[in-house]
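Worksheet: the structure to be examined is printed underneath.
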Amino acid sequence: MKHPLNSVALLAAGWFGLAQVPIPAATCNIDFSQPQQRIDGFGGSTAWYIGLARSASPQDRQKILDTLFSPAVGIGLTIVRNRIPPEIEPAEGQFDWSQDSDAVWFMQQARTYGVNRFISAPWTPPIWMKQTPDPNAWVKLRTDKWQAFADFLSRYVREYRSRFGIDIYGLSLGNEPDWDAKTYECNRWDAGDIHDFLLANLMPTFTSDGVNAKLTLADAFAFREDLVVPSLSDALTRDRVDIVAAHAYYDPGTPFTLSNQYGKPIWVTEHSSSNADDASINDGVTWAKVYANYLAQRNVSAYCFWWLVGPGGAQSALVDRLPDSTLQFNKRLYTLGNFSRFIRPGGFRVAADYVPTAGVFTSAFQSGADFVIVVVNDNNQDTTQSFNASGFTGSTMTPYRTSADENLAQLDAVPVASGQFTANLRAKSVTTFVGQAVPFAVVSGAAYNRPALAPEEWGVAFGTGLATGTDTAPTAQLPLTLAGTQVIVKDSAGDERSAQLLLASPGQVNFLMPAGTAVGPASITLKNGSTTFVSLMNVATVAPGLFSANGDGQGVPAAQAIAISPDGSQAAVPVFQCGSTPGSCTTVPLDLGRAGSHLVLVLYGTGIRGRSALGNVTCDIGGIIVPVDYAGEQPQYAGLDQVNVTVPPALAGRGEVGIALSVDGQTSNTLKVNIK
């Protein structure tokens, strides 16, 4: 919401200069081999005003959507935050799912751009659950309605998926529970109540209902972790604090000690200013310094502005639809785009000199194959800036600049030699430099995606010139060097370990993430003689991946099935059949048998063994959430995990259905089985 307190004014000094003479600057040192925090994305909120986008003319509506979400012509946002209307359940047991139609429309539109991180928060619960039945009353939830509220949140997630095809990525218990809003919806939670509600109500409800949405806690008004300290301090609730979320209207500068200790990503989920609206580059640069500060100094993994589309009148929205229906695309929108278009979810911030010279603010990132440097020049003069980008082996960097008369304008490429280059930074501008080096990527050895790897999980590195030849190790004794190649993992604690290797070839190296690797950002260095490749990867306690029969993370699982008759006898049943060519494996229909018999699927994967309780592992088969019978190591082979799950009889006759695991809230790749 709009608030009189804001941190923007604290960062908006230093706008005066005497002469328009380029400022010489010290070299800015960047080290792309030193990962800091993972980046989860950038976004904003739909609350109350997103109808301004829906009711715009078709041309304006398309321009709003393209500008917000397209990474080609817009700023490429990847997070949409929503208000959960209390009117959805106006009375106990009565539901009205039409109350959120504008936000539902908007999320469905965003999804066409690849957006899948939809996070939601109730500013107030349904008022009949509150101690005072007033949406604007800053009071607590009635204790006799705690379970009703847990059921409400669970049903919200499940209904949005079934009714609207929208998967809610993250969910909060409230919006700014530490702030008495007085004039708009609010609700009060203290830290102890949050902990107790999680433990006694929400966690059991989500588990029993098969809800895997992450919990983004606690959306505090002040940027600090106080409200989640009891939940992080208790091992019983700690794992369900998936994201530590706070707003940045007041920032006391206190550290997020427990959040960092337990490897929790920190998100700014709302920020704006009630100061008079300003669409100029001065405002854009001021906000760019805010974005850079929270990314590079406060180590946040995601940053969300307040309104995506607003009515104008304050610094509250990225795009304003003014009273005469004119669209105003503010410069703070485009300077956010200097980050969001080029730093995609799963990227990492890397070490960089934050202020290499007065008035210049630098942050650097690796995002997939892109090496990204974002530079804010707050000076009234042009600045000549030198860079030393260690770990970047490319020959050029392409600048994209936002200034008084430019919006993410692509400029001529800047030559780079041995990681060094010099660029002129226009006065009052934000410039993003993007370069590519020799392609080198690390993914899960089962799922072939790149969110994270877990200790003792199989990973695969792809590139060119990774090894001098092709060699495969015997599975009984995995070496640390193969075909002249080594893989070294440096974890977030600074410890280095050599990885065991299974396959080394010029284009692919299969390695086992070393046991004991600390969670958090890690650098993975592949050495082949004098050639070195570096990739950044997040290490998590679990990162489930299922092996597929075609070896590409898709299609039918590399699995077995066991039919168990009523008398206890067992028989193996094939799950897949393969032709003579690679990639030809397909599903075989599975017969669930007669009454009293059952079918057990034996799935193979990796990144699963670090799970907490067995009850925190479930299998989604055709939309039915099924508990598993076993999830852990398969003892014959290094890094191989096994999951046993009984197929529910209700799936009989469904044909091909999706199958995926959820392990401690982390979801695997989705494969397919065929139920006869």
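Given the structure, is VAL115 within 21 Å of the chain's Cα centre (by Cα) and in a loop (DSSP other than H, G, I, E, B)? First the steps, then the outcome.
Details: within 21 Å of the chain's Cα centre (by Cα): yes; in a loop (DSSP other than H, G, I, E, B): yes.
Criteria met by VAL115.
May I ask you to list the residues in region 379-392 that are in contact with a strand residue (DSSP E or B) (Cβ under 7 Å, 6 or more places away or on another chain) and either outside any strand (DSSP E or B) or not β-branched (Val, Ile, Thr) (or both)?
Step one: of region 379-392, the residues in contact with a strand residue (DSSP E or B) (Cβ under 7 Å, 6 or more places away or on another chain) are 379, 381-392.
Correct list: ASN379, GLN381, ASP382, GLN385, SER386, PHE387, ASN388, ALA389, SER390, GLY391, PHE392.
Hey, can you tell me all the residues within region 589-604 that are open to solvent by 30 Å² or more (accessible area, probe 1.4 Å) and either under 15 Å from ASN550 (Cβ atoms) or of a type in the set (A, V, I, L, M) (or both)?
ALA595, TYR604, listed by residue number.
What are the residues in region 58-89 that are touching a residue at least 60 places away in the same chain (Cβ under 8 Å) and farther than 20 Å from ALA292 by Cα, if any?
Step one: list which residues in region 58-89 are touching a residue at least 60 places away in the same chain (Cβ under 8 Å), which gives 60, 63-64, 67-68, 71, 74-81, 83-84, 86, 88-89.
Result: ASP60, LYS63, ILE64, THR67, VAL80, ARG81, ARG83, ILE84, PRO86, ILE88, GLU89.
If you take the residues in region 219-242 that are of a type in the set (A, V, I, L, M), crowded, with 23+ Cβ neighbours inside 10 Å and outside any helix (DSSP H, G or I), which one is nearest to the chain's Cα centre (by Cα)?
VAL241
Across region 479-503, what is the number of residues that are at pLDDT 95 or above, open to solvent by less than 40 Å² (accessible area, probe 1.4 Å) and either under 30 Å from the mean Cα position of the chain (by Cα) or aromatic (Phe, Trp, Tyr) (or both)?
Result for region 479-503: 5.
Take the residues in region 627-655 that are charged (D, E, K, R) and either in contact with a Pro (Cβ under 8 Å, 6 or more places away or on another chain) or assigned to a strand (DSSP E or B) (or both), then tell me which one is farthest from ASN674 (Cα to Cα). So that I can check it myself, show each step before the final result.
Step one: list which residues in region 627-655 are charged (D, E, K, R), which gives 629, 633, 641, 654.
Retained after the next criterion (residues that are either in contact with a Pro (Cβ under 8 Å, 6 or more places away or on another chain) or assigned to a strand (DSSP E or B) (or both)): 633, 641.
Details: GLU633: 26, ASP641: 22 Å.
Top of the filtered list is GLU633.
Take the residues in region 247-270 that are of a type in the set (Phe, Trp, Tyr) and closer than 8 Å to PHE223 by Cα; name whichever of them is most open to solvent (accessible area, probe 1.4 Å).
Just the residues of region 247-270 that are of a type in the set (Phe, Trp, Tyr), to begin with: 249-250, 256, 262, 267.
Restricting the remaining residues to those that are closer than 8 Å to PHE223 by Cα gives 249-250.
Values: TYR249: 4, TYR250: 107 Å².
Filtering region 247-270 for residues that are of a type in the set (Phe, Trp, Tyr) and closer than 8 Å to PHE223 by Cα, the one most open to solvent (accessible area, probe 1.4 Å) comes out as TYR250.
Which of the strands (runs of 3 or more DSSP E) found entirely inside region 393-468 contain at least 2 residues meeting this: within 30 Å of GLY284 (Cα to Cα)?
Details: elements: 396-403, 406-410, 420-425, 429-436, 440-444, 458-463.
Of the strands (runs of 3 or more DSSP E) lying wholly inside region 393-468, those with at least 2 residues that are within 30 Å of GLY284 (Cα to Cα) span 396-403, 406-410, 420-425, 429-436.
If you check ALA389 against the conditions, is it open to solvent by 50 Å² or more (accessible area, probe 1.4 Å), aliphatic (A, V, I, L, M) and either within 28 Å of the chain's Cα centre (by Cα) or within 30 Å of GLY51 (Cβ to Cβ) (or both)? Don't jump to the end; show me each part of the working.
Working: open to solvent by 50 Å² or more (accessible area, probe 1.4 Å): no; aliphatic (A, V, I, L, M): yes; either within 28 Å of the chain's Cα centre (by Cα) or within 30 Å of GLY51 (Cβ to Cβ) (or both): yes.
So ALA389 fails the test.
Are any of the residues in region 283-292 open to solvent by 30 Å² or more (accessible area, probe 1.4 Å), assigned to a helix (DSSP H, G or I) and of a type in the set (Gly, Ala, Ser)? Break it down into steps so the answer makes sense when it comes.
Keep residues of region 283-292 that are open to solvent by 30 Å² or more (accessible area, probe 1.4 Å), which gives none.
Checked region 283-292: no residue is open to solvent by 30 Å² or more (accessible area, probe 1.4 Å), assigned to a helix (DSSP H, G or I) and of a type in the set (Gly, Ala, Ser).
Give the number of residues within region 451-462 that are closer than 16 Å to THR485 by Cα and open to solvent by less than 20 Å² (accessible area, probe 1.4 Å). Working first, answer last.
Taking region 451-462 and keeping what is closer than 16 Å to THR485 by Cα, we get 459-462.
Subsequent filtering for residues that are open to solvent by less than 20 Å² (accessible area, probe 1.4 Å) retains 459-461.
The total comes to 3.
Residue by residue through region 474-499, note down the ones that are in contact (Cβ under 8 Å) with a residue 24 or more places away in the chain, over 13 Å from ALA461 (Cα atoms) and among the polar types (S, T, N, Q).
If the condition is that a residue be in contact (Cβ under 8 Å) with a residue 24 or more places away in the chain, over 13 Å from ALA461 (Cα atoms) and among the polar types (S, T, N, Q), then THR475, SER492 are the ones that fit.
Go through region 318-341 and report how many residues are in a loop (DSSP other than H, G, I, E, B) and open to solvent by 20 Å² or more (accessible area, probe 1.4 Å). Show your work before the answer.
In the first step, residues of region 318-341 are kept if they are in a loop (DSSP other than H, G, I, E, B); the result is 322-326, 330, 341.
Those left that are additionally open to solvent by 20 Å² or more (accessible area, probe 1.4 Å): 322-326, 341.
Selection size over region 318-341: 6.
Going by what's in this entry, would ILE373 be described as crowded, with 24+ Cβ neighbours inside 10 Å, assigned to a loop (DSSP other than H, G, I, E, B) and aliphatic (A, V, I, L, M)? It would help to see each step written out before you state the result.
Working: crowded, with 24+ Cβ neighbours inside 10 Å: yes; assigned to a loop (DSSP other than H, G, I, E, B): no; aliphatic (A, V, I, L, M): yes.
No; evaluated as a whole, the condition is false for this residue.
Taking the criterion of being open to solvent by less than 20 Å² (accessible area, probe 1.4 Å) and under 24 Å from ARG609 (Cα atoms), would at least one residue in region 404-411 satisfy it?
Taking region 404-411 first, the residues open to solvent by less than 20 Å² (accessible area, probe 1.4 Å) are 408.
In the following step, the residues that additionally are under 24 Å from ARG609 (Cα atoms) were identified as none.
No, region 404-411 contains no residue that is open to solvent by less than 20 Å² (accessible area, probe 1.4 Å) and under 24 Å from ARG609 (Cα atoms).
Tell me the residue from GLY17, GLY76, GLY44 that is crowded, with 17+ Cβ neighbours inside 10 Å and either modelled with pLDDT under 95 or touching a Ser or Thr at 6+ places or on another chain (Cβ under 7 Å) (or both), please. Give the derivation first.
Details: GLY17 fails: crowded, with 17+ Cβ neighbours inside 10 Å; GLY44 fails: either modelled with pLDDT under 95 or touching a Ser or Thr at 6+ places or on another chain (Cβ under 7 Å) (or both).
Among GLY17, GLY76, GLY44, only GLY76 is crowded, with 17+ Cβ neighbours inside 10 Å and either modelled with pLDDT under 95 or touching a Ser or Thr at 6+ places or on another chain (Cβ under 7 Å) (or both).
Checking the conditions here, which among GLN297, GLN315 is open to solvent by 30 Å² or more (accessible area, probe 1.4 Å) and polar (S, T, N, Q)?
Numbers: GLN315 fails: open to solvent by 30 Å² or more (accessible area, probe 1.4 Å).
That would be GLN297, the only listed residue that is open to solvent by 30 Å² or more (accessible area, probe 1.4 Å) and polar (S, T, N, Q).
I'm checking my understanding of the structure. Among residues of region 465-478 that are open to solvent by 30 Å² or more (accessible area, probe 1.4 Å) and either polar (S, T, N, Q) or in contact with a strand residue (DSSP E or B) (Cβ under 9 Å, 6 or more places away or on another chain) (or both), which one is nearest to ASP641 (Cα to Cα)? Talk me through it step by step, then tell me what you get.
Taking region 465-478 as the starting set, the residues that turn out to be open to solvent by 30 Å² or more (accessible area, probe 1.4 Å) are 465, 468, 470-472, 474-477.
Now restrict to residues that are either polar (S, T, N, Q) or in contact with a strand residue (DSSP E or B) (Cβ under 9 Å, 6 or more places away or on another chain) (or both): 465, 468, 470-472, 475, 477.
Working: GLY465: 31, THR468: 31, THR470: 26, ASP471: 24, THR472: 21, THR475: 15, GLN477: 18 Å.
Filtering first and then ranking leaves THR475.
Is it the case, given these coordinates, that ALA561 is more than 18 Å from CYS619 (Cβ to Cβ) and assigned to a strand (DSSP E or B)?
Numbers: more than 18 Å from CYS619 (Cβ to Cβ): no; assigned to a strand (DSSP E or B): yes.
When the stated conditions are applied, ALA561 does not pass them.
Based on what the data block shows, is VAL539 surrounded by 14 or more Cβ atoms within 10 Å (Cβ to Cβ) and more than 25 Å from the chain's Cα centre (by Cα)? Steps first, answer last, please.
Numbers: surrounded by 14 or more Cβ atoms within 10 Å (Cβ to Cβ): yes; more than 25 Å from the chain's Cα centre (by Cα): no.
So VAL539 does not fit the description; no.
Of everything in region 150-181, what is closer than 25 Å to GLU92 by Cα, part of a loop (DSSP other than H, G, I, E, B) and either in contact (Cβ under 8 Å) with a residue 60 or more places away in the chain or over 27 Å from the mean Cα position of the chain (by Cα) (or both)? Give them in sequence order.
Across region 150-181, the qualifying residues are ILE166, SER172, ASN175, GLU176.
Check ILE166 against each of (1) in contact with a Phe, Trp or Tyr (Cβ under 7 Å, 6 or more places away or on another chain); (2) open to solvent by 70 Å² or more (accessible area, probe 1.4 Å) and name the one condition it does not meet.
(2)
(1) within 20 Å of ALA447 (Cα to Cα); (2) within 25 Å of the chain's Cα centre (by Cα): which one isn't true of LEU601, the others all being true?
Here LEU601 clears every test but (2).
The values are calculated or read from the model by the stated rules, or taken from the named source; none is laboratory data. Here the structure is a predicted model, which is why all the values come from computation and not from measurement. Here Cβ is always computed from backbone atoms with ideal geometry, including for glycine, and neighbour counts include all displayed protein chains. Surface areas here come from the heavy atoms of the whole protein model, side chains and all, with no ligands, DNA or RNA. Shrake-Rupley method; radii C 1.70, N 1.55, O 1.52, S 1.80 Å.
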